[in-house]
Amino acid sequence: MLDPWRLKLLGDLAALGTVRAVAQAAHLSPSTVSQQLAVLEREAGARLFERAGRRLRLTEAGLVLARHARTILDQMETAKAELAGLDTTGRLTIGAFTSALNTFVLVAVQRLRADAQGLRVDLHELDPTEGVPALRRGACDVAVTADLFDGTAPVDDDIVHTPLTTDRVVLVTAADPASHPGDISNLSDYSDALWSAERPGSWTHDLITRAGRRAGFEPDLTALFASYGPLLAHVEAGLSVTLLPELAVDPRYDVTAHPLREPLERRITAAVRASAAGRPAIVRVVAALRAAAPAPAGR
């Protein structure tokens with residue numbers, strides 16, 4: 001008999017890479033995690049781990065079981081909900097990026113709280129690049145995420161994406177026309193400008209770097225921020241320009257958003273694990289997100 005809690009530890013090890021990281025995520029000591037994984041190995045009757053220096057690495061059998069672990073856990077949750085007659089009640093977590101949270105995700109959660117009072121929805125703020133990994137390791141049940149440039153999410157049989165809306169990327173400058181060096185819609189005219197972005201590894205940092213290179217220059221990043229507020233304040237002060245999805249342009253800042261000559265859009269989706277897509281509570285949450293999302297860009 002495979003213990004579900006130990007299966008979750010195995011899935012976390014596959015996602016996070018080290019026993020120490022699993023221990024931190026589970027609020028356990030590394031020795032406790034190691035002991036429980038050893039018990040799981042005996043339960044499975046197969047060699048799941050091997051040592052690589054001081055690290056514990058999954059064997060082929062360990063990788064196979066880790067792939068099934070999340071599915072097994074999701075199916076158990078679904079069965080438990082059906083047996084208890086919970087239907088659209090229970091508790092789940094949405095992971096969503098900042099501009100989605102500030103615009104339509106909070107609206108969806110408000111409506112759910114009013115209309116589905118037996119359902120508790122928790123929120124985690126995640127960069128778009130963090131949503132699907134968090135979903136895989138079970139840190140959230142629904143991830144509101146976005147793909148770059150081509151308008152298509154990666155093909156992955158384990159993840160189901162429900163389109164919510166599209167959001168065009170805009171060039172953001174100070175409102176003062178004197179801060180514009182040339183054709184506002186042409187990125188190449190901003191090759192000598194100072195740029196601001198979120199920190200490396202974030203969606204906006206990747207966006208600005210790629211878009212600049214496509215226009216033939218390497219953006220000169222003068223400021224890096226952890227959130228949109230200070231970034232927009234920097235642009236408002238005339239100290240930099242930036243690229244942002246239109247949802248992220250907060251009207252409280254005196255900036256101007258300019259459409260690009262070569263349109264660039266991101267597709268925003270609600271991602272769920274395929275093994276959990278049929279859970280009534282998740283279906284209810286995804287429907288609420290679709291209803292609250294703004295109309296696609298240009299409509």
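The values are calculated or read from the model by the stated rules, or taken from the named source; none is laboratory data. Only a predicted model underlies this, so the values are computations on that prediction, with no experimental measurement involved. Neighbour counts are summed over all protein chains in view; Cβ atoms, including those assigned to glycine, are modelled from backbone coordinates with ideal geometry. These accessible areas exclude ligands, DNA and RNA; they are computed on the full protein's heavy atoms, side chains included. Shrake-Rupley method; radii C 1.70, N 1.55, O 1.52, S 1.80 Å.
Being among the basic types (Lys, Arg) and assigned to a strand (DSSP E or B) is the filter here, so list the residues in segment 108-133 that pass it.
So in segment 108-133, the residues among the basic types (Lys, Arg) come out as 111, 113, 120.
Of everything in segment 108-133, just one residue is among the basic types (Lys, Arg) and assigned to a strand (DSSP E or B), namely 120.
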>> Here is a list: 243, 247. Which entry is farther than 22 Å from residue 215 by Cα and touching a helix residue (DSSP H, G or I) at 6+ places or on another chain (Cβ under 6 Å)?
In response: 247
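Could you please let me know if residue 78 is among the β-branched types (Val, Ile, Thr), touching a strand residue (DSSP E or B) at 6+ places or on another chain (Cβ under 9 Å) and open to solvent by less than 60 Å² (accessible area, probe 1.4 Å)? Give the steps one after another, and end with the answer.
Values: among the β-branched types (Val, Ile, Thr): yes; touching a strand residue (DSSP E or B) at 6+ places or on another chain (Cβ under 9 Å): no; open to solvent by less than 60 Å² (accessible area, probe 1.4 Å): yes.
Criteria not met by residue 78.
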> What is the one condition in (1) part of a helix (DSSP H, G or I); (2) open to solvent by less than 40 Å² (accessible area, probe 1.4 Å); (3) modelled with pLDDT under 90 that residue 105 does not satisfy?
Replying inline: (3)
>> Being open to solvent by less than 30 Å² (accessible area, probe 1.4 Å), modelled with pLDDT under 95 and among the charged types (D, E, K, R) narrows it down to one residue among 147, 156, 183; which is it?
In response: 147
> Just a yes or no: is a residue in segment 199-210 among the aromatic types (Phe, Trp, Tyr), open to solvent by less than 40 Å² (accessible area, probe 1.4 Å) and more than 21 Å from residue 96 (Cα to Cα)?
Replying inline: no
> Residues of segment 260-287 being at pLDDT 90 or above and either more than 22 Å from residue 126 (Cα to Cα) or over 18 Å from the mean Cα position of the chain (by Cα) (or both), which ones?
Replying inline: 283, 284, 287
>> For segment 26-59: of the residues being in a helix (DSSP H, G or I) and in contact (Cβ under 8 Å) with a residue 40 or more places away in the chain, which is surrounded by the most Cβ atoms within 10 Å (Cβ to Cβ)?
In response: 44
> Among the listed residues 290, 267, which satisfies the condition of being out of contact with any helix residue (DSSP H, G or I) (no Cβ under 8 Å at 6 or more places or on another chain), among the charged types (D, E, K, R) and not in a strand (DSSP E or B)?
Replying inline: 290
>> Would you confirm whether or not segment 186-193 contains a residue that is buried (at least 23 other Cβ atoms within 10 Å of the Cβ), modelled with pLDDT under 95 and either part of a helix (DSSP H, G or I) or in contact with a Pro (Cβ under 6 Å, 6 or more places away or on another chain) (or both)?
In response: yes
>> What's the total number of residues in segment 6-25 that are over 15 Å from residue 62 (Cα atoms) and open to solvent by less than 20 Å² (accessible area, probe 1.4 Å)?
In response: 2
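Any idea which residue in segment 212-264 is most open to solvent (accessible area, probe 1.4 Å), counting only those that are acidic (Asp, Glu) and outside any strand (DSSP E or B)? Before you say what the answer is, go through the steps one by one.
Here is the first cut: in segment 212-264, the ones acidic (Asp, Glu) are 218, 220, 236, 246, 250, 254, 262.
Next cut, outside any strand (DSSP E or B) only: 218, 236, 246, 250, 254, 262.
Details: 218: 105, 236: 74, 246: 69, 250: 36, 254: 95, 262: 133 Å².
That would be 262.
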> For segment 85-93, does any single residue satisfy the condition of being modelled with pLDDT under 90, at positive phi and open to solvent by 40 Å² or more (accessible area, probe 1.4 Å)?
Replying inline: yes
